[in-house]
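I have placed the structure first, in the form of structure tokens, so that the comments after it can refer back to it.
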Amino acid sequence: MAKARFESELFEGHKGVCAVIVPFDPEERWGQKPVRLAGRRHGWLVRGSVNGTKYDGYIGDRWGRFFIALDDEFRDEANLKVGDTLALVLEPTKSERTYAKARAQSQFTTQPGKPRPDAVAFSSPKPNKARARR
């Protein structure tokens, strides 16, 4: 699937969560339903980079907007500050590692009152048997 490239300003939102707005609907762009995360949360698993720093996590949605939350540790590693305009390059993934990170990240965001009914359970792709035999 095609990588998404865009710029977005880092802002501080509800309960001190720092995030960037994603300017597209990942379901429309990549044709995938969101996966269930912690509690009633859901999101689209992505990997890529933020200002050149490797990123694994998820795109969430609340109040009709799509976002990526960037925790303190990531912001420190990438030397990011609220108000910075960030360059993001993202693509969808089905990585177990990304799912684990996304579940942990999602716990710091407010969850919706009801879970999204069409969010799917995470399942990693089956290993390629030919590749496994090598």
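The values are calculated or read from the model by the stated rules, or taken from the named source; none is laboratory data. This one's a predicted model, so the numbers in the text were calculated from it and none came from an experiment. Don't worry about glycine lacking a Cβ; one is built from the backbone with ideal geometry, like all the others, and counts go over all protein chains shown. To get the accessible areas, we keep the full protein, side chains included, count just its heavy atoms, and leave off ligands, DNA and RNA. Shrake-Rupley method; radii C 1.70, N 1.55, O 1.52, S 1.80 Å.
Listing for the model above:
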| read-out | value |
| --- | --- |
| The range 1-30: number of residues that are part of a helix (DSSP H, G or I) and in contact with a strand residue (DSSP E or B) (Cβ under 6 Å, 6 or more places away or on another chain) | 2 |
| Number of positions in the range 1-17 that are under 25 Å from Asp72 (Cα atoms) and either out of contact with any Leu (no Cβ under 8 Å at 6 or more places or on another chain) or modelled with pLDDT under 95 (or both) | 7 |
| The range 102-112 - residue that is farther than 14 Å from Asp72 by Cα and of a type outside the set (S, T, N, Q) and, of those, surrounded by the fewest Cβ atoms within 10 Å (Cβ to Cβ) | Pro112 |
| Among residues of the range 14-30, those that are touching a residue at least 12 places away in the same chain (Cβ under 8 Å) and either small (Gly, Ala, Ser) or in contact with a Pro (Cβ under 6 Å, 6 or more places away or on another chain) (or both), counted | 2 |
| Residue in the range 45-94 that is farthest from Ser124 (Cα to Cα), counting only those that are assigned to a strand (DSSP E or B) and over 14 Å from the mean Cα position of the chain (by Cα) | Thr85 |
| Qualifying residue in the range 95-114 (condition: in contact (Cβ under 8 Å) with a residue 24 or more places away in the chain, in contact with a Phe, Trp or Tyr (Cβ under 7 Å, 6 or more places away or on another chain) and polar (S, T, N, Q)) | yes |
| Positions within the range 90-101 being among the aliphatic types (A, V, I, L, M) and either surrounded by 16 or more Cβ atoms within 10 Å (Cβ to Cβ) or in contact with a Leu (Cβ under 9 Å, 6 or more places away or on another chain) (or both), in sequence order | Leu90 |
| Subset of the range 51-86 that is open to solvent by 20 Å² or more (accessible area, probe 1.4 Å) and in contact (Cβ under 8 Å) with a residue 60 or more places away in the chain - its residue that is nearest to Phe24 (Cα to Cα) | Thr85 |
